Amino acid sequence: MKKAVNVSVKANPRKPVHPEKLVRRFIKKCKKEKIVEEVRDRRYYLKPSEKKRLKRERAQRTRRKEDLKRLKDK
């Protein structure tokens, strides 16, 4: 079980920062903690076998991409 993560971004009162920069920093933190991915995964139930199959397919895709990249660089 993962621990609960509360992502927050604080602005330094001595150094004014654009609100857009704070939003970007917040989004980056959320991506790092994989919050959005977990929400998408929990939207509906996936059987463990289905999860395993999707994970295997994702790994094959990334391997193919890396192989193509390696061949292209040579």
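Multiply the residue separation of V9 and E33 by 0.36 nm, subtract the distance between their alpha-carbon atoms, and state the gained length in nm to one decimal.
7.3 nm
May I have the count of lysine pairs in the stretch 1-43 with C-alpha atoms under 15 Å apart, counting pairs 8 or more residues apart or located on different chains?
8
Once the other residues with Cβ under 12 Å from the Cβ of R63 are scored (Lys, Arg +1; Asp, Glu -1), what is the net sum?
Counting the neighbours of R63, the net charge comes to +4.
Two decimals is fine: what's Rg over Rh for the chain, C-alpha atoms, Kirkwood radius as Rh?
Dividing the radius of gyration by the Kirkwood radius yields 1.17.
Determine, from the Cβ-Cβ distance of K69 and R25 and an R0 of 35 Å, the FRET efficiency 1/(1 + (r/R0)^6), rounded to the nearest 0.05.
Numbers: r = 30 Å, r/R0 = 0.87.
Efficiency for this residue pair is about 0.70.
Sticking to Cα atoms, compute the Rg of the stretch 1-43 to one decimal and its Dmax as the biggest Cα-Cα distance, whole number, in Å.
13.1, 41
Karplus couplings for the stretch 61-73 from phi (6.51 cos²θ - 1.76 cosθ + 1.60, θ = phi - 60°), rounded to Hz, Gly and Pro as x?
Result, rounded to whole Hz: 4, 5, 4, 4, 4, 5, 5, 5, 5, 4, 5, 5, 6.
A short reminder: the numbers here are calculations on the coordinates, not readings from a lab. Not measured: the values here are computed from a predicted model. Because the Cβ atoms are built from the backbone with ideal geometry, glycine has one as well, and the counts that use them run over all protein chains shown.
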